[in-house]
Structures are given as structure tokens and as C-alpha cells.
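Read through the structure below, which is laid out as C-alpha cells, and then see the notes.
The values are calculated or read from the model by the stated rules, or taken from the named source; none is laboratory data. Just so we're clear, the structure is a prediction, and the values are computed from it rather than from any experiment. Neighbour counts are summed over all protein chains in view; Cβ atoms, including those assigned to glycine, are modelled from backbone coordinates with ideal geometry.
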């Protein structure tokens, strides 16, 4: 897929919380869309972006065009299948296409291509999603909850525009603890997303492909040439 490096990252989907599951039902949202008000990343965008809104300077500034990131959920009993052990879901693979040093610069690039900015870009005219469309559905916020994203955008403005190589927001394939142990000898700590080898990347996608039942709307799960 690329000549770059490979990373492993986790995120919280809408279905992580009861409020998020209610948002999915009320607004017909993809259940495995990112659950935050500034989707990080915004998988529903044709070219999602990565920013420092979730992890500060610990991850995004390390990446460059050609690098690829595998996104899984955190551990959970996804899908509510009786008897199924807690597991992870492999939701997406994004490949970095362009790098920008400011949110404004990235927004201008998207605008020049006739695209709205992804939801996690902190720029004028691109407000965060309202609480009812997040995993905090049903809760009340005081209006200052977007301040952290704005502060991090000001502190580290790096934005990575990405091509989507794998995406399933409806029923992504499970990754089990035994899979992690076989690949890494442990369950990887993704708080600061680790770099993984190309062989580990290939094997992880092969495991996911073997367990995938792609919905009609899913992007092809196969790696691009």
C-alpha cells in the first residue's frame, strides 16, 4: 500500500456508550463512527484528517505522507453477542496523503478541492457536532467542552489529510486477544499509537479479511496497489 511506516491506533466509537447507541438509532448514524463531537478521525469524510485533538503532540506530528494507520476500537463486547468475549474491531486503515502545519492551511486545501473540512479541523465555520450526535447523547455540557480541541490546535496545528484504504462503520471484523498475543506477544498499548512492522500490518489485515462480511456501502477492504 505504501513505502511508509505503519501504526496502530484505537478510538471510541458511538456504540461504546448507551447514549451513543441511542444517537445511532435516533439519527441513523453509522454505529462505528467516531463518537466525539470533533470526530477524530472523521471517518465519514471522503478524505479524513488526523489532528492532535486527542493525543496532543504524542502522535500526529510523527507521521508523514506514505505512512498508514490501522484504527481499531478499544476493547469491548461489541455487538452484544451472547457468550462473545470482549474484543476489538478493526474499523479502518488510513494512508497519509498530505501534511499541513496549520488547520487553516489544511482547510484551504480541502476547500480548493471542493470539499468541506473534516469535523476535527478547528477553523471558522466548522463547529463541533452537537452533543446529541455523539457518544454523550442525552447529557448536558456547559459550552466549554470544545476548548481542549481549540487549545491543542493552537499548540500543535499539524493536520494529516488521508486516503481511506479500509473502512467498515457498520459491522467491522473482530480482533481477539489471542490475535494480539500471536502478533505482538502482548496486547499493544495504543494510548500513544505504536509503530508496527509491515509483516504485522499485513497479518492483522489478513485476520480481519478472513472474518469480514462487508456491507454494501463499505470501502473495499483490500489494500490498494
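The lone criterion from (1) modelled with pLDDT of 95 or more; (2) surrounded by 15 or more Cβ atoms within 10 Å (Cβ to Cβ); (3) under 22 Å from residue 205 (Cα atoms) left unmet by residue 14 is number (3).
Among the criteria (1) out of contact with any helix residue (DSSP H, G or I) (no Cβ under 6 Å at 6 or more places or on another chain); (2) at pLDDT 95 or above, the one residue 134 does not fulfil is (2). Screening residue 108 on (1) surrounded by fewer than 16 Cβ atoms within 10 Å (Cβ to Cβ); (2) over 14 Å from residue 157 (Cβ atoms); (3) modelled with pLDDT of 95 or more shows it passes everything except condition (2). Taking residues in the stretch 104-121 that are over 26 Å from residue 35 (Cα atoms), and partners anywhere that are in a loop (DSSP other than H, G, I, E, B), the pairs with Cβ atoms closer than 9 Å and at least 6 places apart or on different chains are 113/47. Residue 35 meets all of the listed conditions (1) touching a residue at least 60 places away in the same chain (Cβ under 8 Å); (2) surrounded by fewer than 22 Cβ atoms within 10 Å (Cβ to Cβ); (3) under 12 Å from residue 169 (Cβ atoms) but one, namely (2). When the test is whether a residue is at pLDDT 95 or above and more than 18 Å from residue 95 (Cβ to Cβ), residue 166 does not pass it.
Scanning the stretch 51-74 for residues that are closer than 22 Å to residue 202 by Cα and in contact with a helix residue (DSSP H, G or I) (Cβ under 8 Å, 6 or more places away or on another chain) yields 68, 70, 73, 74. Pairs meeting the criteria (first residue in the stretch 130-148 and on the phi > 0 side of the Ramachandran plot and surrounded by 10 or more Cβ atoms within 10 Å (Cβ to Cβ), second residue assigned to a helix (DSSP H, G or I) and modelled with pLDDT of 80 or more, beta carbons under 9 Å, at least 6 apart or on different chains) are 138/18; 138/19; 138/22; 138/23; 138/131; 138/132.
A quick yes/no check of all residues on (1) buried (at least 18 other Cβ atoms within 10 Å of the Cβ); (2) within 13 Å of the chain's Cα centre (by Cα):
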| site | (1), (2) |
| --- | --- |
| 9 | yes, yes |
| 26 | no, no |
| 45 | yes, yes |
| 60 | yes, yes |
| 72 | yes, yes |
| 78 | yes, no |
| 83 | no, no |
| 103 | yes, no |
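In the stretch 193-215, the residues that are free of Cβ contacts under 8 Å to residues at least 40 places away in the same chain and at positive phi form no Cβ pair under 8 Å with any partner that is part of a loop (DSSP other than H, G, I, E, B) and surrounded by 13 or more Cβ atoms within 10 Å (Cβ to Cβ), whether six or more places apart or across chains. Has the stretch 217-225 got any residue that is surrounded by 15 or more Cβ atoms within 10 Å (Cβ to Cβ), under 16 Å from the mean Cα position of the chain (by Cα), at pLDDT below 85 and within 15 Å of residue 72 (Cβ to Cβ)? Scanning the stretch 217-225, I find at least one residue that is surrounded by 15 or more Cβ atoms within 10 Å (Cβ to Cβ), under 16 Å from the mean Cα position of the chain (by Cα), at pLDDT below 85 and within 15 Å of residue 72 (Cβ to Cβ), so the answer is yes.
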